1. Run down Val64, Val79 and say which single residue is modelled with pLDDT of 95 or more, part of a loop (DSSP other than H, G, I, E, B) and among the hydrophobic types (A, V, I, L, M, F, W, C).
2. I'm checking my understanding of the structure. Among residues of segment 88-106 that are in contact (Cβ under 8 Å) with a residue 60 or more places away in the chain and among the polar types (S, T, N, Q), which one is least open to solvent (accessible area, probe 1.4 Å)?
3. For Ser71, only one of the following conditions fails: (1) farther than 23 Å from Glu44 by Cβ; (2) in contact (Cβ under 8 Å) with a residue 40 or more places away in the chain; (3) open to solvent by 30 Å² or more (accessible area, probe 1.4 Å). What is its number?
4. Could you pull out the residue among Ser109, Ser127, Ser85 that is in contact (Cβ under 8 Å) with a residue 60 or more places away in the chain, open to solvent by 20 Å² or more (accessible area, probe 1.4 Å), at positive phi and among the hydroxyl-bearing types (Ser, Thr, Tyr)?
5. Among the residues in segment 23-31, are any in a helix (DSSP H, G or I) and hydroxyl-bearing (Ser, Thr, Tyr)?
6. Can you report the number of residues in segment 35-60 which are under 10 Å from Ala92 (Cβ atoms), touching a helix residue (DSSP H, G or I) at 6+ places or on another chain (Cβ under 9 Å), assigned to a loop (DSSP other than H, G, I, E, B) and not basic (Lys, Arg)?
7. I'm trying to understand the selection: among the residues of segment 30-61, which are open to solvent by less than 60 Å² (accessible area, probe 1.4 Å) and either modelled with pLDDT under 95 or among the charged types (D, E, K, R) (or both)?
8. More than 19 Å from Val5 (Cα to Cα), over 11 Å from the mean Cα position of the chain (by Cα) and open to solvent by 80 Å² or more (accessible area, probe 1.4 Å): does that describe Lys76?
Amino acid sequence: QVQLVESGGGLVQAGGSLRLSCAASGDTFSRYAMGWFRQAPGKEREFVAAINRSGRTVNYAASVKGRFTISRDNAKNTVYLQMNSLKPEDTALYYCAADTDAYIGTASSFANMYENWGQGTQVTVSS
């Protein structure tokens, strides 16, 4: 199994930016598709963004498209979520997840495709 550790969350004003990082353990990171999900209190967990093994395919929720960018650095075993133009409705606990049996083109929006999850990092956007 792979361990995932998120970082970079915090408090930011509306319109501001944050960059989340997720560091993965092991030596097979480049074989995983990676995703970001978020969950606000009282809400269902929702898909945010995903990236395939090579980084050539990305997938975004409509609510964040154009504002957020997912990327990865396989040499550093790290996936990132650059969040710009943040809105109060972006406030949530953000999780990264690894799809460890992904095919090369996979960047799934479905949480049940992901086998390993981080502990989450809190993002709070004030108005």
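1. Of Val64, Val79, the one residue that is modelled with pLDDT of 95 or more, part of a loop (DSSP other than H, G, I, E, B) and among the hydrophobic types (A, V, I, L, M, F, W, C) is Val64.
2. Among residues in segment 88-106 that are in contact (Cβ under 8 Å) with a residue 60 or more places away in the chain and among the polar types (S, T, N, Q), the one least open to solvent (accessible area, probe 1.4 Å) is Thr106.
3. Here Ser71 meets the rest and fails (2).
4. Step by step, each of Ser109, Ser127, Ser85 is checked, and only Ser85 is in contact (Cβ under 8 Å) with a residue 60 or more places away in the chain, open to solvent by 20 Å² or more (accessible area, probe 1.4 Å), at positive phi and among the hydroxyl-bearing types (Ser, Thr, Tyr).
5. Checked against the condition, which is being in a helix (DSSP H, G or I) and hydroxyl-bearing (Ser, Thr, Tyr), segment 23-31 yields at least one hit.
6. Residues that pass the stated criteria total 1.
7. Once the filter is applied, which keeps residues that are open to solvent by less than 60 Å² (accessible area, probe 1.4 Å) and either modelled with pLDDT under 95 or among the charged types (D, E, K, R) (or both), segment 30-61 yields Arg38, Arg53.
8. So Lys76 fails the test.
The values are calculated or read from the model by the stated rules, or taken from the named source; none is laboratory data. Values in this document were obtained by computation on a predicted structure and should not be read as measured data. Neighbour counts run over all protein chains shown; Cβ positions are idealised from the backbone, glycine included. In case anyone asks, the SASA skips ligands and DNA or RNA and just uses the protein heavy atoms, side chains included. Shrake-Rupley method; radii C 1.70, N 1.55, O 1.52, S 1.80 Å.
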